[in-house]
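One structure is given below, encoded as structure tokens.
The values are calculated or read from the model by the stated rules, or taken from the named source; none is laboratory data. Values in this document were obtained by computation on a predicted structure and should not be read as measured data. Positions of Cβ are generated from backbone atoms using ideal geometry, with glycine treated the same way; all protein chains shown enter the neighbour counts.
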Amino acid sequence: MRKVLYILVIICAYLNVDSVSAQVVPDNYRQQRQQEYQDFKDSIHDNFLRYLQHLWTEYQLFSGESSPRSVKPVEQPQLDTMESGDTLKTDTQLPYGQQTDIQNVGAVEYLPPASIADIQKRNYMVRFYGKELTITLPENVANEKLDGIREKQVARYWKKLINNHADQCLASLDQQRRNLYLCDWGLFDLIRHLSAVVYPGQVNEQAALSVYLLDAMHYDARVGRMDDRLVMLVNTGSRLYDIPYVEIDTVRYYAFGQLPRKGRLHTYDRQMASADRPIDMNLYYSPRLGGALSPKTYSYTLLGRKVSLRVNQPLMDFYAHHPQTELAVYANATMEEAFAAAVERELRPFVEKQSPVDALNNLLEFMQQGFVYQTDSKQFGREKNFFCEENFYYPANDCEDRAVLFARMVKVLLGYDVVLLEYTDHVATAVHIPGRKVRGQHIDLQGKRYVVCDPTCLGASVGDLSQKYRNKKAKIIIIKNS
């Protein structure tokens with residue numbers, strides 16, 4: 001451990017000196033630091049390769065966990081009582097992680113040795129949701145193939161990637177991530193796209209290269225073998241739904257690739273040193289994928305004024321491939337800047353010069369009547385949570401989609417604190433109105449009173465909640481402040 005820390009200190013010192021005044025660093029000092037870094041990296045790879053070629057462990061592949069709220073009202077619910085009430089019952093609070101500006105995220109720790117400065121490279125054109133990206137890899141990587149998928153054969157292929165310096169593409173990948181404002185899942189998706197271009201039609205090589213690059217960028221990913229193919233196993237840190245997984249030391253690794261829903265899977269039970277970061281499913285910033293607007297236009301007339309909104313088509317395609325995960329991810333996802341500005345422009349007239357309660361009631365009317373209600377099972381044949389923009393793209397939505405969108409509109413238009421109230425078959429919201437004690441169903445949270453607002457239940461005004469949920473515990477999802 002001391003040696004690892006020593007080497008990392010040397011690397012950081014070198015990078016700092018190099019970024020400030022590269023021209024004054026003596027060549028012998030530079031070469032020494034490069035060699036020390038290379039020796040450090042080689043030791044990690046050598047230890048991992050020795051382990052990789054040993055017999056892999058067999059694990060049970062579990063079929064994907066079903067998404068919560070799979071049973072919801074077939075028809076849009078209507079308010080069944082007008083009685084005011086007391087404090088609601090609540091359960092677990094799920095806070096949101098800290099938001100980080102992508103430009104301040106640490107760059108990939110990468111220091112290429114001087115000995116490979118002249119290796120032949122090849123540019124790959126990767127089509128990524130409307131963007132054409134150029135990513136550079138050493139030319140020989142594409143020529144390396146697996147000669148089988150047993151332990152020693154995978155280890156030999158891994159060694160070839162090391163010898164051909166496949167990690168030379170890390171800086172290029174990291175730059176594209178920053179240019180497109182991709183979070184962890186977006187980067188993972190980009191790596192899969194790149195691997196498919198490098199190895200068209202070769203699913204085993206695609207899986208192995210993808211995991212190699214994820215490990216090199218310190219993500220917790222593994223290669224798995226099932227029947228006659230390799231798959232990717234990744235630790236996301238969040239629950240994913242309808243995706244098969246294995247459990248290793250109480251950690252879930254979700255399987256991506258062409259594989260059956262359940263069965264037996266082999267993989268190694270020790271990860272490469274430093275590859276320990278879960279893939280964060282949160283969208284702390286909206287991907288910047290281009291400006292093509294969807295041909296679909298959402299229109300609705302509220303209080304005599306027409307609301308018209310369109311969404312970004314590449315972003316809809318990106319969301320369509322995003323795996324279903326915990327509701328907090330959708331509730332806290334950052335809206336695309338142009339779309340957020342359009343929401344502000346179109347809906348501001350319904351809340352300005354209004355009292356807080358009237359403004360919220362106008363937004364509730366918009367949510368309850370401005371969309372067609374339909375369960376996900378009927379519209380998609382499966383559960384699908386929406387990111388905010390998707391409500392204006394698909395023909396219909398249901399309770400959790402409306403709750404997420406309503407919460408975001410309250411934040412954008414009114415700036416109030418808002419939380420989601422998640423039940424087993426329904427989702428509503430609760431809003432803190434500063435300086436007012438509004439009557440109705442409410443919760444007390446961190447010294448603040450949050451009054452219920454249900455954007456799905458027809459006829460529900462501020463403070464109204466169906467009798468069905470009065471005595472049920474709600475799980476609280478706290479939404480970020482910006």
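For Asp317, the conditions (1) in contact with a Gly (Cβ under 8 Å, 6 or more places away or on another chain); (2) closer than 27 Å to Ile476 by Cα; (3) not β-branched (Val, Ile, Thr) all hold with the exception of (2). Within the set Val404, Val343, Val412, the sole residue that is in a helix (DSSP H, G or I), at pLDDT 95 or above and either within 26 Å of Gly290 (Cα to Cα) or outside the structural domain of Lys306 (by TED's automatic domain parsing) (or both) turns out to be Val404.
Within segment 211-227, the residues that satisfy the criterion of being outside any loop (DSSP other than H, G, I, E, B) and of a type in the set (A, V, I, L, M, F, W, C) are Val211, Leu213, Leu214, Ala216, Ala221, Val223, Met226.
Restricting segment 57-87 to residues that are assigned to a loop (DSSP other than H, G, I, E, B) and closer than 30 Å to Tyr284 by Cβ leaves a set whose member that is modelled with the lowest pLDDT is Ser70. If you check Thr424, Thr429 for being part of a loop (DSSP other than H, G, I, E, B) and touching a residue at least 12 places away in the same chain (Cβ under 8 Å), only one passes: Thr424. For segment 356-372, does any single residue satisfy the condition of being surrounded by 21 or more Cβ atoms within 10 Å (Cβ to Cβ), of a type outside the set (Ser, Thr, Tyr) and under 22 Å from Pro295 (Cα atoms)? Yes; the residues of segment 356-372 include at least one that is surrounded by 21 or more Cβ atoms within 10 Å (Cβ to Cβ), of a type outside the set (Ser, Thr, Tyr) and under 22 Å from Pro295 (Cα atoms). Close Cβ contacts (under 8 Å, 6 or more residues apart or on different chains) running from residues in segment 247-266 that are more than 22 Å from Glu151 (Cβ to Cβ) to residues that are small (Gly, Ala, Ser) comprise Arg261/Ser63; Arg261/Gly64; Lys262/Ser63. For segment 442-467, the tally of residues that are under 15 Å from Leu360 (Cβ atoms) and in a loop (DSSP other than H, G, I, E, B) stands at 11. On the basis of being under 30 Å from Leu49 (Cβ atoms) and touching a strand residue (DSSP E or B) at 6+ places or on another chain (Cβ under 6 Å), does Leu309 make the cut? Against the criterion (under 30 Å from Leu49 (Cβ atoms) and touching a strand residue (DSSP E or B) at 6+ places or on another chain (Cβ under 6 Å)), Leu309 does not qualify.
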